[in-house]
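The values are calculated or read from the model by the stated rules, or taken from the named source; none is laboratory data. Because the structure is a prediction, the values reported are computed rather than measured. Neighbour counts are summed over all protein chains in view; Cβ atoms, including those assigned to glycine, are modelled from backbone coordinates with ideal geometry. We work out accessible area using only protein heavy atoms, side chains counted, and drop any ligands, DNA or RNA first. Shrake-Rupley method; radii C 1.70, N 1.55, O 1.52, S 1.80 Å.
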Amino acid sequence: MISSHLPVLQVILPLIAAPLCVILRQGTLSWLLTTLVCFMSLAISSCLYDQVMTEGVISYALGGWLSPWGIEYRLDKLTVFMLLIVNGVAAIVLLGARSSIPNEISSDRLYLFYTAFLLNLTGLLGVIVTGDAFNLFVFIEIASLSSYAMISIGRDRRCLYAAFKYLIFGTIGASFILISVGLLYAVTGTLNMNDIFQRLPDVENTRTLTTALVFFVVGVGIKAAIFPLHLWLPDAYSYSPSIVSTFLAGTTTKVFIYVLIRFIFSIFGYDTAINGGTFNNLLMMFACAGILYGSYLAIKQDSLKRLLAYSSIAQLGYMLLGISLATEAGLAAGLIHVFNHAIIKVALFLSVVTIIFYCKTDSIIQLAGLAKKLPLLTSAFLVSGLSLIGVPMTAGFISKWYLIKASLQSGYWGLVVVIVFSSVLAIIYIWKFIEASYFKSSEKELVALNEDQKTPCLLLFSLALFVIANIYFGLDSSFNVELANAIANDLFRK
Amino acid sequence: MDFLGTFNYWVVVILMMIGLYIVIAHQNLVKKLIGINIFQTSIFILFISMGKITGGTAPILNEVNTLYSSPLPHVLILTAIVVGISTTALGLAIVIRLYHAFGTVDDDEIQQEIE
Amino acid sequence: MMTDQLLIILALCIPTVAAILIAVTHNNVNLRETGTLLSSVCLIFVVYNLLQIVLAGDQPQLFLLKFLPGLAIHFKIEPLGMLFACIASFLWLINSIYSIGYMRGNNEKHQTRFYICFAVAIASTIGIAFSANLITLFIFYEALTLSTYPLVTHKGSEDAMRAGRAYLGILLSTSICFFLPAIIWTSVLAGNTEFTSGGILDNEMNHCVIFILLMLFSYGIGKAALMPMHRWLPAAMVAPTPVSALLHAVAVVKAGVFSIVKIVTYIFSPALLAEVVDFNLLLYLAGVTIIVASIIALQADNLKRRLAYSTISQLSYVILATALLAPISIMGAALHILAHAFGKITLFFAAGSIYTATKKTAVSELDGIGKVMPWTMGAFAIASLSMIGVPPTAGFLSKWYILQGAFSVESWFAITVIIISTLLNAGYFLPIVYAAFFKKPSDGKKLDYHEAPFAMVFALTVTSILTIVLFLFPEIPLQLVKMLVGNMI
């Protein structure tokens, strides 16, 4: 009985829990509730994964109103793939939040943080499951508003400015998506994604449709921080409480990459969207520029969080690159990287969270000689860093392998050059920290360790989980690779 | 496609550009929020004017009125207005905290203080 | 069959376990050193058993795990790999003995880290030797780079850090920029990356693509130090001498040329290259590298720097011999890996023992030193002869085969290069030997130095004797290289 309502439970559960947190008004209790909800949510998404894999696409009519009149939740393989990523990151990151968040957010605001977190999760999950274009916009705004709140909640006053900047950019982006939805409604008279897809061939090659596509891509580009629309991202990641950056890096931008894929394949239809090659050539150009730009700026940063933020811009370029190849192999490579980058970046950010927990700073210069004091922690960073670079036996290598292979199969030699060159840049920026922490002996006691801190067991546990995942998915990538291939196959056949 | 037939779109575009211009050009954070609001309003008008049919009435089922406007855009825009108001509220709250933290609501000055 | 696989696993595990043992016993210095020595003896035993199997004509293999569809970590021992593994494992023992003397004699810091990284580097080398496909080779190739980085920066000084950056920068970036794309390209073209005798690429493919692939591989394997990718090798000389001796004369650089030989024979196949490549650029690049590196070596006053450039030029001998594409020259290439290993390690051992005993590093300071350090300089002389290629040393043997190969394909370029470089070799090694034994110390004072610690003298004596023994009894290596080219003739 309940199993048929899982799609809606996935979204409702965190939504109900959010106000409960406000009622609880207490940090620890809210944390317990939030963690519980996240793990239940994770369990729901694994059940959904099972259902979709065995029974195929699930269509759920919200409130019993059948589509196209009511809102439809539509779950296919891509949906459950994203659900697993978002829920997995959320649940495990929250475990780590227990130890680190009280240092960065004043205790009387803790419950508000958890409320915002749950709302954000609601929004992201909603974006993923919904099959209704306007509903998607609403969920995007739920996710965005709560993430502005999460960013601005920290003790560091700069986070306020970062949040405001993000709010302005994000609102413009969401409004662009709204315009696009409006134009689509104007030409098709429906908001159901599947329905739009069916009716679009009648209005093919109209200017309204092209305009809708352009507004959509720009809007989602802002939200997903695709170069050159990424300006909000470095500030938002580097000034917000570090666990928030971790969560955002692992989920938000990837969900918007999902939205991009969903609109291109399930709404506009692939042939309309690529528009004779112009569209994906443009995407490819921006992807390459983003990869090089992000990697280059990452090298120049001293703050680890900012470094990782710029690296994220580059990595988003990889995902976009995969999509822009306009082949099944390319799309699969992009999706594989969505998955792998989630575990890589979260592992890196979690190690930075732990570093900040111990040392109260994320400046590379000040962290010289860290490896002598926290050898395990720096090696965790090293392993995830190697994964980011794409060293064999780590998850990052799998992504690079498929990306390069897909570009070679499409005959784009230039892309291979871009990918390997940016890997070299990645070596430089990861090595900057590794060299400072392992091989520079600080003249004075630069690293002020908070020895009296209790060992953050949960934080270390979640970090360890992600580091192990980096190696595990480097050795046995059958799960994500096969799923990504199946998704790409489905999307292209549609 | 004469000008009058598409004049609602012209209004939308002009309003939208005014809004965007304010967001980009003004240093005052509150004015930026006002710009965002104008920008969003233009989108509301876009939706609502699309749903209007000349001579159409409210969609009430009876024998007299057979021609009626689609109610859906109105419903959507009600939701979008709620979203817009929440955004504005959150934006203003952040501006107030920015003012407390930095003593100014000027974009440039805050940026200078951060660097 | 089971025992074969067990032996392969053991060969890979012993150095790894040794690393762990070293880490555990870091408090007890003697126990730690015993651990190193014991495990190297065990490794030799295991490799010896494998050698018997390979000599019997078998090629044991082992699938470890499959981490991408069509891509697995897969080991297969073919004759060339066997030869390389024998060299690496045997010299690890000798080098460990030498290291103990050197590290204690010079009171080096971080000795435990040193031995751990060393053991890991050996494990990676064995992995490279036994790899059965490009991807396995690549994984261990990168592991070798990473594990030797802490050895290069061992001193921790600003100089060492800079050298370490050059080392890591060149090796990692060439491997990622050229090697990895070449591997992926190969797998796209041929569908797999297994080393197969007769090659996996065929001449149906675009000839230009094959040529580009060959160049990508040659430069992607930065460890082979083909100019202009050679800068890391002189940079790595800031490391303690045992590191230069085993890693930068044997394991790391040999891993480079070994990979090139293996790729040319098992991925392309010489027959294919001979047919497809009109202009043998690799041959000319190797020739130029030999000559230019020799000239630089001639001018270097720092002994280790001179040896480093000599290594670069000798590595290109192997590449040159491979690029000749004649079966007999490939035999020469494989033999040269062996001969040069023993010769160059002796030279580095000698340099290290001079440094330990006298703290001297410049060639010009060595006048008359042969009288106080007869063993060291005697071994140096023998190894120099081997470098030049004078009988009765192993160097003669390999040069003989390479020259024979050059004549068989009538490559006048290669013959000229070999002759000129032999003269240059003599030009930069013999003056050292002459000065050490026959010149008086420049300031006229009597030298009051003694021989280096016994462990060091013992090690370099053994390797120098082996240089001669290999000339006199080359059956086993010859049999291995004949098996390597057997199916080509």
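Please specify each residue of region A:233-245 satisfying the condition of being open to solvent by less than 20 Å² (accessible area, probe 1.4 Å) and farther than 18 Å from A:Ala289 by Cβ. The answer is A:Asp235, A:Ala236, A:Tyr237, A:Ser238, A:Ser240, A:Pro241, A:Ser242, A:Ile243, A:Val244, A:Ser245. C:Ile354 satisfies every condition listed in (1) among the hydrophobic types (A, V, I, L, M, F, W, C); (2) open to solvent by less than 10 Å² (accessible area, probe 1.4 Å); (3) not in a helix (DSSP H, G or I) except (3).
Among the candidates C:Val469, C:Val481, C:Val457, which residue alone is farther than 17 Å from C:Ile330 by Cα, touching a residue at least 24 places away in the same chain (Cβ under 8 Å) and outside any loop (DSSP other than H, G, I, E, B)?
Numbers: C:Val469 fails: touching a residue at least 24 places away in the same chain (Cβ under 8 Å); C:Val481 fails: farther than 17 Å from C:Ile330 by Cα.
Answer to the selection: C:Val457.
For region C:267-314, which residues satisfy the criterion of being open to solvent by 60 Å² or more (accessible area, probe 1.4 Å) and either under 21 Å from C:Phe413 (Cβ atoms) or in a helix (DSSP H, G or I) (or both)?
Keep residues of region C:267-314 that are open to solvent by 60 Å² or more (accessible area, probe 1.4 Å), which gives C:271, C:274-275, C:278-279, C:284, C:288, C:295, C:298-299, C:301-302, C:305.
If the condition is that a residue be open to solvent by 60 Å² or more (accessible area, probe 1.4 Å) and either under 21 Å from C:Phe413 (Cβ atoms) or in a helix (DSSP H, G or I) (or both), then C:Ala271, C:Ala274, C:Glu275, C:Asp278, C:Phe279, C:Tyr284, C:Val288, C:Ile295, C:Leu298, C:Gln299, C:Arg305 are the ones that fit.
Any residue that is under 25 Å from A:Phe215 (Cα atoms) and crowded, with 19+ Cβ neighbours inside 10 Å - is there at least one of those in region B:96-113?
So the first thing to find is which residues in region B:96-113 are under 25 Å from A:Phe215 (Cα atoms), and the list is none.
No, there is no match, as no residue in region B:96-113 is under 25 Å from A:Phe215 (Cα atoms) and crowded, with 19+ Cβ neighbours inside 10 Å.
Give region C:98-117 a look and list any residue that's aliphatic (A, V, I, L, M) and either open to solvent by less than 40 Å² (accessible area, probe 1.4 Å) or not in a helix (DSSP H, G or I) (or both), or say none. Please lay out each step first, then the result.
Initially, region C:98-117 is screened for residues aliphatic (A, V, I, L, M), giving C:100, C:103, C:116.
Passing the criteria: C:Ile100, C:Met103.
Rundown of residues vs (1) at the interface with chain B (Cβ under 7 Å from one of its Cβ atoms); (2) crowded, with 24+ Cβ neighbours inside 10 Å; (3) touching a Ser or Thr at 6+ places or on another chain (Cβ under 6 Å), yes/no style:
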residue: A:Ala149; (1), (2), (3): yes, no, no
residue: A:Ser152; (1), (2), (3): yes, yes, no
residue: A:Arg155; (1), (2), (3): no, no, no
residue: A:Cys159; (1), (2), (3): no, yes, yes
residue: A:Phe164; (1), (2), (3): yes, yes, no
residue: A:Phe176; (1), (2), (3): no, no, no
residue: A:Gly182; (1), (2), (3): yes, yes, no
residue: A:Thr190; (1), (2), (3): no, no, no
residue: A:Ile196; (1), (2), (3): no, yes, yes
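For region A:400-426, name all the residues that are touching a Phe, Trp or Tyr at 6+ places or on another chain (Cβ under 7 Å) and modelled with pLDDT of 90 or more. Listed by number, the residues that qualify are A:Leu403, A:Leu425.
For region C:201-211, does any single residue satisfy the condition of being within 11 Å of chain A (Cβ to nearest Cβ) and open to solvent by 10 Å² or more (accessible area, probe 1.4 Å)?
Yes, some residue in region C:201-211 is within 11 Å of chain A (Cβ to nearest Cβ) and open to solvent by 10 Å² or more (accessible area, probe 1.4 Å).
When region B:60-92 is filtered for residues that are more than 8 Å from chain A (Cβ to nearest Cβ) and assigned to a helix (DSSP H, G or I), the ones remaining, listed by number, are B:His74, B:Val75, B:Ile77, B:Leu78, B:Ile81, B:Val82, B:Gly84, B:Ile85, B:Thr88, B:Ala89, B:Leu92. For region A:198-208, the set of residues classified as without any contact (Cβ under 8 Å) to a residue 24 or more places away in the chain and either assigned to a helix (DSSP H, G or I) or crowded, with 24+ Cβ neighbours inside 10 Å (or both) consists of A:Gln198, A:Arg199, A:Asp202, A:Val203, A:Arg207, listed by residue number.
Scanning region C:357-386 for residues that are polar (S, T, N, Q) and open to solvent by less than 20 Å² (accessible area, probe 1.4 Å) yields C:Thr358, C:Thr376, C:Ser384, C:Ser386. Is it the case that some residue within region A:133-147 is touching a helix residue (DSSP H, G or I) at 6+ places or on another chain (Cβ under 6 Å), away from every other protein chain (no Cβ under 11 Å) and of a type in the set (Ser, Thr, Tyr)? Looking through region A:133-147, none of the residues is touching a helix residue (DSSP H, G or I) at 6+ places or on another chain (Cβ under 6 Å), away from every other protein chain (no Cβ under 11 Å) and of a type in the set (Ser, Thr, Tyr). All of C:Thr16, C:Thr25, C:Thr34, C:Thr3 fail the test of being more than 14 Å from chain A (Cβ to nearest Cβ), among the hydroxyl-bearing types (Ser, Thr, Tyr) and out of contact with any helix residue (DSSP H, G or I) (no Cβ under 9 Å at 6 or more places or on another chain), apart from C:Thr34.
Could you check, for region C:328-351, whether at least one of its residues is open to solvent by 30 Å² or more (accessible area, probe 1.4 Å) and in contact (Cβ under 8 Å) with a residue 12 or more places away in the chain? Please lay out each step first, then the result.
Narrowing region C:328-351 to residues open to solvent by 30 Å² or more (accessible area, probe 1.4 Å): C:328.
When the remaining residues are screened for being in contact (Cβ under 8 Å) with a residue 12 or more places away in the chain, the result is C:328.
Yes.
Close Cβ contacts (under 9 Å, 6 or more residues apart or on different chains) running from residues in region A:400-420 that are more than 9 Å from every other protein chain (Cβ to nearest Cβ) to residues that are among the charged types (D, E, K, R) comprise A:Ala406/A:Glu328.
Listed here are the helices (runs of 4 or more DSSP H) enclosed by region A:252-314 that have at least 3 residues being more than 19 Å from A:Gly396 (Cα to Cα), at pLDDT 90 or above and open to solvent by 20 Å² or more (accessible area, probe 1.4 Å): A:278-299.
Of the helices (runs of 4 or more DSSP H) lying entirely inside region A:333-449, those containing at least 3 residues that are open to solvent by less than 10 Å² (accessible area, probe 1.4 Å) and farther than 22 Å from A:Leu320 by Cβ are A:375-389, A:413-439.
Going residue by residue through region C:147-161, is there one that turns out to be farther than 30 Å from C:Val46 by Cβ, out of contact with any helix residue (DSSP H, G or I) (no Cβ under 7 Å at 6 or more places or on another chain) and surrounded by fewer than 22 Cβ atoms within 10 Å (Cβ to Cβ)?
Our first condition is that a residue be farther than 30 Å from C:Val46 by Cβ; within region C:147-161, this holds for C:153, C:155-161.
Those still in the list that are out of contact with any helix residue (DSSP H, G or I) (no Cβ under 7 Å at 6 or more places or on another chain) too: C:157-158.
Next, from what is left, pick out any that are surrounded by fewer than 22 Cβ atoms within 10 Å (Cβ to Cβ): C:157-158.
Yes, the conditions are met somewhere in region C:147-161.
Taking the criterion of being open to solvent by 100 Å² or more (accessible area, probe 1.4 Å), at pLDDT below 90 and either in contact with a Pro (Cβ under 8 Å, 6 or more places away or on another chain) or not in a loop (DSSP other than H, G, I, E, B) (or both), the residues of region B:1-25 that qualify are B:Leu4, B:Phe7, B:Trp10.
If you scan region A:158-175, which residues turn out to be of a type in the set (D, E, K, R) and touching a Leu at 6+ places or on another chain (Cβ under 8 Å)? Give the steps one after another, and end with the answer.
Restricting attention to region A:158-175, the residues satisfying the condition of being of a type in the set (D, E, K, R) are A:158, A:165.
Passing the criteria: only A:Lys165.
Please verify whether region A:455-469 includes one or more residues that are open to solvent by less than 40 Å² (accessible area, probe 1.4 Å) and either modelled with pLDDT under 85 or facing chain C (nearest Cβ under 10 Å) (or both). Within region A:455-469 (the criterion being open to solvent by less than 40 Å² (accessible area, probe 1.4 Å) and either modelled with pLDDT under 85 or facing chain C (nearest Cβ under 10 Å) (or both)), the answer is yes, since at least one residue qualifies.
Might you let me know whether region C:228-236 holds any residue that is touching a His at 6+ places or on another chain (Cβ under 7 Å) and either open to solvent by less than 10 Å² (accessible area, probe 1.4 Å) or in a helix (DSSP H, G or I) (or both)?
Kept after step one, since they are touching a His at 6+ places or on another chain (Cβ under 7 Å), are these residues of region C:228-236: C:233, C:236.
Subsequent filtering for residues that are either open to solvent by less than 10 Å² (accessible area, probe 1.4 Å) or in a helix (DSSP H, G or I) (or both) retains C:233, C:236.
For region C:228-236, residues touching a His at 6+ places or on another chain (Cβ under 7 Å) and either open to solvent by less than 10 Å² (accessible area, probe 1.4 Å) or in a helix (DSSP H, G or I) (or both): present.
So is C:Ala129 open to solvent by 10 Å² or more (accessible area, probe 1.4 Å), in contact with a Phe, Trp or Tyr (Cβ under 9 Å, 6 or more places away or on another chain) and more than 10 Å from chain A (Cβ to nearest Cβ) or not? If you could, list the steps in order and put the result at the bottom.
Values: open to solvent by 10 Å² or more (accessible area, probe 1.4 Å): no; in contact with a Phe, Trp or Tyr (Cβ under 9 Å, 6 or more places away or on another chain): yes; more than 10 Å from chain A (Cβ to nearest Cβ): yes.
Criteria not met by C:Ala129.
Every test in (1) surrounded by 24 or more Cβ atoms within 10 Å (Cβ to Cβ); (2) of a type outside the set (Asp, Glu); (3) in contact (Cβ under 8 Å) with a residue 60 or more places away in the chain is passed by C:Gly198 save one, and that test is (1).
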